[in-house]
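Visitor: Here it is: the structure, laid out below.
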Amino acid sequence: MGCRSSPSYLEEHGTPTHPNELKHHRCLGVRLGDDSIYRWEFEGPDGDFDMPIKSAMTADDSRSTLAMALNGAGLTFGLEALFAKHVAHGTLRLVLTEWVATGPGFYLYYSGRRQLPAGLRALLTIAGELKPLG
């Protein structure tokens, strides 16, 4: 997870160096299924914390906020895998990297290894090979 923005937005509005500075920036929020806005997650000297952000614009998914950020609309927050190629190409820049919360990761729970359904076995194999989230 992390915060990113286009070079043009950062040149015009500056680059935040602390999560508290986000209140002075245009943040692009994602609306969750329960109609709340996703709280951005960070890790500081005192441990993990999340922040409510005042969204300049809100979308129902991260791909929409990605498109907005690429066009200079503001700062966006989300999974590394979604933004990696844009960061590599320089169309997005990483922001607040020293505050990134790594979190515990994702887990897949299933009843056991005996008589594992073929579909689940294939999913586990593919996920292990592709490492979709990094």
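The values are calculated or read from the model by the stated rules, or taken from the named source; none is laboratory data. Model, not experiment: these values are computed from the prediction. Note: ideal-geometry Cβ built from the backbone for every residue, glycine included; neighbour counts use all protein chains shown. For the accessible areas, the whole protein counts, side chains as well, though only heavy atoms, and no ligand, DNA or RNA atoms are used. Shrake-Rupley method; radii C 1.70, N 1.55, O 1.52, S 1.80 Å.
Visitor: In debye, nearest 20: dipole of the chain around its Cα centre with unit charges on the Cβ of K, R (+) and D, E (-)?
Guide: Dipole about the Cα centre, nearest 20: 540 debye.
Visitor: So what is the 222 nm mean residue ellipticity for the chain from helices alone, if each DSSP H run of at least 4 adds -39500 (n - 2.57) and you divide by all residues, rounding to the nearest 500 deg cm²/dmol?
Guide: That calculation yields -8500 deg cm²/dmol at 222 nm.
Visitor: Here's a follow-up. What list of ³J(HN,Hα) couplings, whole Hz, do you get for the stretch 41-51 from phi and the Karplus terms 6.51, -1.76, 1.60, once you set θ to phi - 60° and write x for glycine and proline?
Guide: Karplus-based 3J(HN,Hα) across the stretch 41-51 equals 9, 9, 10, x, x, 9, x, 6, 8, 10, 10 Hz.
Visitor: Averaged across orientations, what area in nm² does the convex hull of the alpha carbons in the stretch 1-104 project?
Guide: With every direction weighted equally, the projected area is 6.3 nm².
Visitor: Considering only Leu96, Leu108, Leu66, give the residue with the highest GNM mean-square fluctuation for the chain, with springs between Cα atoms whenever their separation is below 10 Å.
Guide: Leu108
Visitor: In a GNM of the chain with a 10 Å cut-off on Cα contacts, which of Thr65, Thr91, Thr102 has the highest mean-square fluctuation?
Guide: Thr102
Visitor: Moving on to the next point. Just the number please: accessible area per residue for the chain, 1.4 Å probe, all protein chains included, in Å².
Guide: 65 Å²
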